[in-house]
Amino acid sequence: MSDAQPDARTSPSPSPHPLVSRVREYDAVLLGVAVVTVLALVARLVALGARPAHWDEARVAYWTLYAQEEGHFAYRSIVHGPFIQHVDRWLFGLVGPSDFVMRLPVAVIGGLLPLSALLFRDHLRRSETIALSLFLAFNPVLLYYSRFMRSDVLVGTFAFVALGMLVRLFDRRRVRYLYGGTLFLALAVASKENSLLYVLTWLGAGVLVADRALDRPGSDRTGLDRLRVLAAAGRLVVRRAKTQPGERRRIGVYALHGIGAVAVFALVWLFMFAPRGDGLEGLYTGAVEAETVGLGDAVSDPAKWGPLIDATVEQFRGEYLAWGGKSGDLTFETYQGRLGAAVRDGLFYTSAPLVFFAIAGFVRERYAVSEGRVLVFFLFYAGVASIVGYPLGLSIGAGWKWNNVHILLPLSVPAAVGMATVYRWGSDAYRENDSIDVGLTALILVLVASTVAWSGLSHVYLNPTHESNELVQFGQPHDDLDPVIEELQAAAPGENPDVLVYDNASADGSIVGPVYVGSTKDVRPVCADFGNFLPMQWYLAAADANATCAREFQLRDRVERHEPDVVITRLGDDSVPTEWLEDRYEDRGAYSLRYYEQAVPTIRLYVRR
């Protein structure tokens, strides 16, 4: 019996090769992140067009549709970066304009954001990588504004991915990450002007991380000693480059790739910011002698590349680089109010789990382990700097509602560390058969999951338009405008509906304003007040309506002579001949264009009998 072979059922299985174990580990992470990403895309695409267009969405969408139909485009910081305008005008030309289509690029890019967690996986554990993807997928703020046609999620996603590419470049030394990081940084610049703030926060966080690396209390080496070592290493590289041809070639290859990366950035920048058609002149009413060289002109005539680049640089310098000075007069009391609202309403009311886990993750790396990870420190510092800095640059007081995107993105990495720590605590307790710790862990995770789920459900889907929602900004219409759109489409089936907009132009909050042909942006109908009537200009343009205006004493004559299909008036305008109109038109109800029910303006819709 002593010579018998051991039973195969009891013999230990051979340990897998370390490479096999690493592949299996990555497969599990890839599968987990892929599942989260699919769920994130579904969460962003379902009922994407149900919410009526916000004032800001409609403004950008109108000019995008204008560029698609008229062929004129010029970069203006008031409309923010050109990326979304170019992508949407191609989509409008392909499938037609609608709320769903205008939000689709933001929803898809925001839905793919969880994939960026994989770029940091060399610095994160498996559970941390998956936790990061979960925060990026289902945080209510990121989810709400991934379903919103603004460029905050775009610039945040592109900048976050660019940072991840740079981290991978440092880890793997693969040139593809250099070009990938450059491309995504260029797309971030083309998305919104606060891309500059991302670079500034990175630099500031880098300084803090470097200071911590140089200052190691208890070590025999001082910060100056470490700087001397780095300087000596640099001098060694220079000497090798002078004496060794192979080293010179290697440095030359690096230099060529650096030049190539700059070229990639420059080409993307030029393509995005270059004017089209008549450029800025093409955005005004009336015939204008345009001297602008558009991108199409330069493509057909290489001699025009110089003027095109000059015009693009001049417009960029005058708009993009001046964006930071548009925050207006800011007092300490105003700043304090903005900061308090951003922290109280934007971070704790809607994103408390992410914030608390971020603090826990930072504390763990700083005080509970011998060597904290640089990436966690770096992004925590960047997030804290964003909390302090962003209220300084808001052009409107409630801008923190979407600017919190830029705070939560960097904080999501330390938050993933904090959440994964709790998960590992529960896993260790389960292996040790510690039922109390397992129960506490399950309670914490269930509480966090239910909090995030309820916050997302209530803020994003159940109540996406009312003032009681902390994420909703004043320019969001409270009422569902789908009936208005349907009436416009049904008023003249297969044709362009004739719409007459009426209001007493001298009244406060009037939806009809003065007309200055030749010096007014071509917002059709040009007689409607752009600030008060949005988002209706977008819906009229999307319906391809022939819209005009009537002022006081003109309504009866215009209706009798032209018999428009639809008449739009302002609720509360005493000059509207209500009974006279109702004899000729059906009253289809009143619709608020702002986020509370009795907002001014509120329009009333009449459809011809």
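Counting other C-beta atoms within 10 Å, which of Val29, Val38 has the fewest, and how do the rest follow?
Val38, Val29
At q = 0.10 Å⁻¹, what log₁₀ I(q)/I(0) does the chain have when each alpha carbon counts as one equal point scatterer in the Debye sum?
For the chain, the Cα-only Debye profile gives -0.99.
What's the Kirkwood radius of the stretch 482-608 in Å, using all Cα pairs?
Hydrodynamic radius (Kirkwood, Cα only) of the stretch 482-608 equals 14.6 Å.
Can you find, among Asn532, Gly181, Leu500, the residue sitting farthest towards the positive end of the charge dipole of the chain, where Lys and Arg contribute +1 and Asp and Glu -1 at Cβ?
With unit charges placed on the Cβ atoms, the residue in question is Gly181.
For n ≥ 4 DSSP H runs only, could you compute -39500 (n - 2.57) per run for the chain, divide by its residues and tell me the 222 nm figure to the nearest 500?
So the helix-based figure for the chain works out to -18500 deg cm²/dmol.
Mean separation of Cα pairs under 8 Å and 6+ residues apart, divided by the residue count of the stretch 385-480: what relative contact order is that in percent?
Rounded, it is 21 percent for the stretch 385-480.
Any idea what angle helix 126-138 forms with the longest principal axis of the chain, computed on alpha-carbon atoms, 0 to 90 degrees, nearest 10?
For 126-138 against the chain, the angle is about 10 degrees.
Consider just the alpha-carbon atoms of the stretch 465-552 and return their Rg together with their Dmax, both in angstrom.
Both quantities, over Cα of the stretch 465-552: 14.4, 42 Å.
With unit charges on the beta carbons (Lys and Arg positive, Asp and Glu negative) and the dipole taken about the Cα centre of the chain, which residue among Leu447, Gly204, His406 sits farthest to the positive side?
Of the options given, the answer is Gly204.
If I model a spin label at Ala266 and Trp580 as a point 7 Å from the Cα along the Cα→Cβ vector, what separation in nanometres do I get?
Output for this residue pair reads 6.5 nm.
Could you state the angle between the C-alpha long axis of helix 305-319 and the longest principal axis of the C-alpha atoms of the chain, as a value from 0 to 90 degrees rounded to the nearest 10?
Computed tilt is about 90 degrees.
Scale the Cα Rg of the stretch 15-159 by the rule-of-thumb value 2.2 N^0.38 Å and send over the ratio, two decimals.
Compared with the compact-globule rule of thumb, the stretch 15-159 sits at 1.26.
Among DSSP beta bridges lying fully in the chain, give the percent that are antiparallel, nearest 5.
65
Could you check the spin-label model distance between Val46 and Ser468? Points 7 Å from the Cα along Cα→Cβ, value in nm.
Going from the Val46 label point to the Ser468 one covers 2.2 nm.
Tell me, what are the semi-axes, in whole angstrom and largest first, of the equivalent ellipsoid of the stretch 341-421 as set by the roots of 5 times the Cα gyration tensor eigenvalues?
25, 13, 8
Give, rounded to the nearest 20 debye, the magnitude of the charge dipole that the chain has about its Cα centre when Lys and Arg contribute +1 at Cβ and Asp and Glu contribute -1 at Cβ.
Using Cβ point charges on Lys, Arg, Asp and Glu, the chain gives about 3860 debye.
Give me the percent relative contact order of the chain, please, defined on Cα pairs under 8 angstrom at least 6 residues apart.
Once normalised by length, the contact order is 15 percent.
Once you charge only the Cβ atoms, +1 for Lys and Arg and -1 for Asp and Glu, what is the size of the charge dipole of the stretch 254-413 about its Cα centre, to the nearest 20 debye?
Here the stretch 254-413 has a charge dipole of around 960 debye.
Run the simple label-point estimate for Arg561 and Glu597 please: 7 Å along Cα→C-beta, distance reported in nm.
A separation of 4.1 nm, rounded to one decimal place.
Please name which of Ser191, Leu471, Gly71 has its Cα lying farthest along the dipole of the chain towards the positive end, using unit charges on Cβ (Lys, Arg +1; Asp, Glu -1) and the Cα centre as origin.
Of the candidates, Ser191 comes out farthest on the positive side.
Take peptides 178-184, 406-412, 82-88 and line them up by average Cβ neighbours within 10 Å, highest first, as a rough protection proxy.
Taking the mean over residues of other Cβ atoms within 10 Å, the ranking is 406-412, 82-88, 178-184.
Based on the Cβ-Cβ distance of Val363 and Val199, what FRET efficiency does E = 1/(1 + (r/R0)^6) give at R0 = 35 Å, to the nearest 0.05?
That gives a FRET efficiency of 0.80.
If I fit a long axis through the Cα atoms of helix 195-214 and take the longest principal axis of the Cα atoms of the chain, what angle between them do I get, 0 to 90°, rounded to 10?
20
Expected output is a single nm value to one decimal: the length gained when fully extending between Ala28 and Asp480, i.e. 0.36 nm times separation in residues minus the C-alpha distance. What is it?
Gain on stretching Ala28 to Asp480: 158.4 nm.
Sorting check: for 431-440, 465-474, which peptide has the highest mean count of neighbouring beta carbons within 10 Å, and how do the rest follow?
Per-residue Cβ counts within 10 Å, averaged per peptide and sorted highest first, yield 465-474, 431-440.
The numbers here are math on the coordinates, done by the rules we state, and not lab data. Just so it is clear, the structure is predicted and the values come from calculations on it, not from any experiment. Virtual Cβ from ideal backbone geometry, glycine too; neighbours counted across all protein chains shown.
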